[in-house]
Amino acid sequence: MDVYGLIGNPVGHSLSPPMQEAGFDACGIDARYVTFEPAQSRVGAAIAGAQVLGICGLNVTIPFKEAVLEHVEPDALARRVGAVNTIDLTADPPQGFNTDVDGAIRAFRHHDVTLPGTQAVVVGAGGAGRAIAYGLCEAGATVAIANRTTERATDLAAELSTGTGHSLADLPALLDDADILVNATSVGMESDERIVPTDALHGDLVVMDAVYRPLQTRLLRDAEAANATTIDGAWMLLFQGIEAFERWTGRDAPVDTMNGALRCALKG
Ligand code: NAP
């Protein structure tokens, strides 16, 4: 039996085990997916130990996505984004990838959103914001980043080939001409707050929320009321997991099965 897993802290409520195991089972792969909570100072030892024990691959979540960079060989994209969320332990040294980037882009593509030439607004410049902004730029969109701490937005924009950095107050003006809006902040997760003023939303927007608990955030409800197209946060979560599954197994992931398992776990 092959073993895959997730390292982070906390990982108790992770949706990855049911999603990944549904994929393994549907493909007839004899594998299990388990969660681990190493101490922050022991993340390098945890990766080395997992490799010695024959664990095939790991996902990485908060707070380790940046720290693991120095313990794996990151690919060019993970190195540029500055974070790793997937490790192939069958390689020596272990290889690190950032599947959040492609996860976000595949979520758009799954909804038939054409990205080249679009104007995108990403709200947030933390881990999710960085991955999404990089992905959108690589997919040919022009990206404006707005963040509570404006300096983080301008710093991220400076790294991107087609990015500009802004404060949250700029959102209404930015959204006037925008095709795509992504919330990559944690606003909407703890409470039913809105990060974007309702009257800045319009029917020509595709609105994606990275927040997946709850699925129907205030932003997505506002966007639906404005006749915008909406994409909930479970789609990015699904496709980052699908990218990891495909890297680990070399197989096409069973998208519908993994999506069903994920959405079932989200209800539980
Ligand atoms: P992070 O690195 O801690 O970044 C948090 C971001 O939220 C920063 O831009 C921060 O702004 C902003 N923020 C926090 N509280 C705010 C407030 N009250 N008002 C305005 N902005 C606020 O977190 P992360 O890893 O990027 O995660 C962000 C969200 O994305 C979380 O809900 C997470 O669950 C979700 N996520 C989803 C996926 C997925 O696959 N769907 C993947 C990764 C993350 P400052 O810079 O000013 O602090």
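As a test of understanding, state the convex hull volume per residue of the chain from its alpha carbons, in Å³.
On the way: hull volume 32.3 nm³, N = 268.
Expressed per residue, the convex hull around the Cα atoms of the chain is 121 Å³.
Treating the beta-carbon of each Lys and Arg as +1 and of each Asp and Glu as -1, no other charges, what is the dipole magnitude of the chain about its Cα centre, to the nearest 20 debye?
On the way: 18 positive and 35 negative charges, 96 e Å.
So the magnitude is around 460 debye.
Could you give the length gained on full extension between Asp25 and Thr114, defined as 0.36 nm per residue of separation minus the Cα-Cα distance, in nm? Walk me through the numbers before you get to the answer.
Values: separation 89, 0.36 × 89 = 32.04 nm, distance 3.26 nm.
Contour length minus Cα-Cα distance gives 28.8 nm.
Please compute the net charge surrounding Leu238, taking Lys and Arg as +1 and Asp and Glu as -1 over other residues with Cβ under 11 Å from its Cβ. Please list the in-between numbers first.
Details: positive: Arg106, Arg263; negative: Asp232, Glu243, Asp256.
My count for the surroundings of Leu238 gives -1.
For the chain, find the longest principal axis of its Cα atoms and tell me its angle to the long axis of helix 43-52, 0 to 90°, nearest 10.
Taking the Cα atoms of the chain, the angle to 43-52 is about 40 degrees.
If you line up the long axis of helix 16-26 against the longest principal axis of the chain, both from Cα atoms, how many degrees apart are they, to the nearest 10?
70
Angle, helix 150-159 long axis vs. longest principal axis of the chain, Cα atoms, 0 to 90°, nearest 10?
Helix 150-159 and the main axis of the chain meet at about 70 degrees.
Using θ = phi - 60° and the Karplus form 6.51 cos²θ - 1.76 cosθ + 1.60, what ³J(HN,Hα) does each residue of segment 255-268 get, whole Hz, x for Gly and Pro?
4, 5, 5, 5, 5, x, 5, 4, 5, 5, 5, 5, 6, x
Divide by every residue of the chain the summed helix terms, -39500 (n - 2.57) for each DSSP H run of at least 4, and state the resulting mean residue ellipticity at 222 nm, rounded to the nearest 500 deg cm²/dmol.
Values: 10 runs with 105 residues, N = 268.
Mean residue ellipticity, 222 nm, calculated: -11500 deg cm²/dmol.
Do any chymotrypsin sites (Phe, Trp or Tyr not before Pro) in segment 57-139 lie in a loop, going by DSSP, with at most 14 other beta-carbon atoms within 10 Å of their beta carbon, and if so which? Let's see the in-between values first.
On the way: sites: Phe64, Phe97, Phe108, Tyr134; in loops: Phe64.
The qualifying sites: there are none.
Within the set of other residues whose C-beta is less than 9 Å from the C-beta of Gly188, count the net charge using Lys and Arg as +1 and Asp and Glu as -1. Could you put the intermediate results ahead of the total?
Values: positive: Arg194, Arg218; negative: Glu190, Asp192, Glu193, Asp209.
Combined, the nearby Lys, Arg, Asp and Glu give -2.
What ³J(HN,Hα) values, in whole Hz, does the Karplus curve 6.51 cos²θ - 1.76 cosθ + 1.60 give for segment 183-192 when θ = phi - 60°, with x put for Gly and Pro?
Values per residue, Gly and Pro as x: 8, 10, 9, 8, 5, x, 8, 7, 9, 7 Hz.
Only the coordinates and a few stated rules stand behind these numbers; no lab work does. Computed from a prediction, not measured in an experiment: that's the story for all the values here. Please note: Cβ atoms are built from the backbone with ideal geometry, for glycine as well, and neighbour counts cover all protein chains shown.
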